[in-house]
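Data first, discussion second: the structure below is written as structure tokens.
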Amino acid sequence: MRYVWRSISVVGLTILVAVFVVYRPASTQTRPAAYRAPRTPDGKADLNGIWEAVNTANWDLQDHAAHQGPAIALGASFSIPAGIGVVEGTEIPYKPEALAKKKENATNWLTSDPEIKCYMPGVPRATYMPYPFQIVQTPKFVMMAYEFASASRTIYMDSKSESPVDTWMGWSTGHWEGDTLVVDVTSFNDRTWFDRAGNYHSDALHVTERYTPMDANHLHYEATIEDPKVFTRPWKISMPLYRRVDKNMQLLEYKCVEFVEELMYGHLRKRTN
């Protein structure tokens, strides 16, 4: 009888191990070999294409519940969708006085967000706004063209020069680490935000971006954010970017300046009565 129970125990243990192997979480399973992207003529990973983020980061980089929007007349059409944050570790490490400014921005979002006024979106916000953007890649330059406000920037792949002035989109220099395009962005002004929740930066902002091919139609995007005037330490966001594979897909114009002329300059209109 002792041998019978021993046999039963062995069989039970074998079944238990088999079940664990089949149903163990994906994170503990063997990962497939690293993806090798198609190459450009100069041998670099080919990132050319039209890409778009599919998330709610432009509303708020952090976890947030759905809530009513600022325009009551629009009802559900412009209310805030719930979203899972893209900040690694969930916390944005504001200095106390900077956090107070962030909360003030959030309160005054409808009149203060640069997006509402069709200003250039800045980096990294241009990447995850709900509009596509296009990467055009050459050995010496990489062009990023964004649909929103027809914004664009050039990434200089063979230059260590610095921007002569601070700008909305910063000054971008790049290099390759394997298949990853690494972009160092500096020389920002202090007039862009990270999202509609009022997260912001100063003119000391330094962003390091990483674009890594995951497969033919996905990039992994990371941005490490440093700003000693606003934050106590560097912090990072990350998200997938999706290739737009729609038939006849192309980057269209969203020249929004004319949409905000009345909002910004209507008070200057000459009155006739």
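The values are calculated or read from the model by the stated rules, or taken from the named source; none is laboratory data. All values derive from a computational prediction rather than experimental measurement. Every residue, glycine among them, receives a Cβ derived from its backbone with ideal geometry; neighbour counts consider all protein chains shown. Surface accessibility is based on the protein's heavy atoms, side chains included, excluding ligands, DNA and RNA. Shrake-Rupley method; radii C 1.70, N 1.55, O 1.52, S 1.80 Å.
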Index of the failed condition, VAL86 passing every other in (1) surrounded by fewer than 18 Cβ atoms within 10 Å (Cβ to Cβ); (2) in contact with a Leu (Cβ under 7 Å, 6 or more places away or on another chain)
(1)
Just wondering, is there one or more residues in region 98-121 that are free of Cβ contacts under 8 Å to residues at least 12 places away in the same chain and either within 22 Å of THR173 (Cα to Cα) or aliphatic (A, V, I, L, M) (or both)?
yes
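Using the structure shown, decide if HIS267 is in a strand (DSSP E or B) and either more than 20 Å from TYR119 (Cβ to Cβ) or open to solvent by 50 Å² or more (accessible area, probe 1.4 Å) (or both).
Values: in a strand (DSSP E or B): no; either more than 20 Å from TYR119 (Cβ to Cβ) or open to solvent by 50 Å² or more (accessible area, probe 1.4 Å) (or both): yes.
It is false that HIS267 is in a strand (DSSP E or B) and either more than 20 Å from TYR119 (Cβ to Cβ) or open to solvent by 50 Å² or more (accessible area, probe 1.4 Å) (or both).
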Any hit, region 159-175, residues being among the basic types (Lys, Arg), touching a residue at least 12 places away in the same chain (Cβ under 8 Å) and within 26 Å of ILE116 (Cβ to Cβ)
no
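Restricting attention to region 217-270, which residues are among the charged types (D, E, K, R) and under 30 Å from GLU177 (Cβ atoms)?
Taking region 217-270 first, the residues among the charged types (D, E, K, R) are 222, 226-227, 229, 233, 236, 243-244, 246-247, 253, 255, 258, 261-262, 269-270.
Selection gives GLU222, GLU226, ASP227, LYS229, ARG233, LYS236, ARG243, ARG244.
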Any residue at all in region 103-125 that's open to solvent by 60 Å² or more (accessible area, probe 1.4 Å), under 30 Å from HIS218 (Cα atoms) and in a loop (DSSP other than H, G, I, E, B)?
yes
Residues of region 255-264 that turn out to be in a helix (DSSP H, G or I) and open to solvent by 100 Å² or more (accessible area, probe 1.4 Å), as a count
4
Would you please name the residue that is surrounded by the fewest Cβ atoms within 10 Å (Cβ to Cβ), looking only at residues in region 225-254 that are basic (Lys, Arg) and under 20 Å from the mean Cα position of the chain (by Cα)?
ARG233
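Could you tell me whether any residue of region 19-26 is within 30 Å of MET143 (Cβ to Cβ), open to solvent by 50 Å² or more (accessible area, probe 1.4 Å), under 26 Å from the mean Cα position of the chain (by Cα) and at pLDDT below 90? Break it down into steps so the answer makes sense when it comes.
At the first step, the residues of region 19-26 found to be within 30 Å of MET143 (Cβ to Cβ) are none.
No, because not a single residue in region 19-26 is within 30 Å of MET143 (Cβ to Cβ), open to solvent by 50 Å² or more (accessible area, probe 1.4 Å), under 26 Å from the mean Cα position of the chain (by Cα) and at pLDDT below 90.
Out of region 223-254, which residues are outside any loop (DSSP other than H, G, I, E, B) and under 19 Å from THR192 (Cα atoms)?
Of everything in region 223-254, those that are outside any loop (DSSP other than H, G, I, E, B) and under 19 Å from THR192 (Cα atoms) turn out to be ALA223, THR224, ILE225, GLU226, PHE231, TRP235, LYS236, ILE237, TYR254.
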Could you identify the single residue in ASN189, ASN217 that is surrounded by fewer than 17 Cβ atoms within 10 Å (Cβ to Cβ) and more than 17 Å from ALA57 (Cα to Cα)?
ASN217
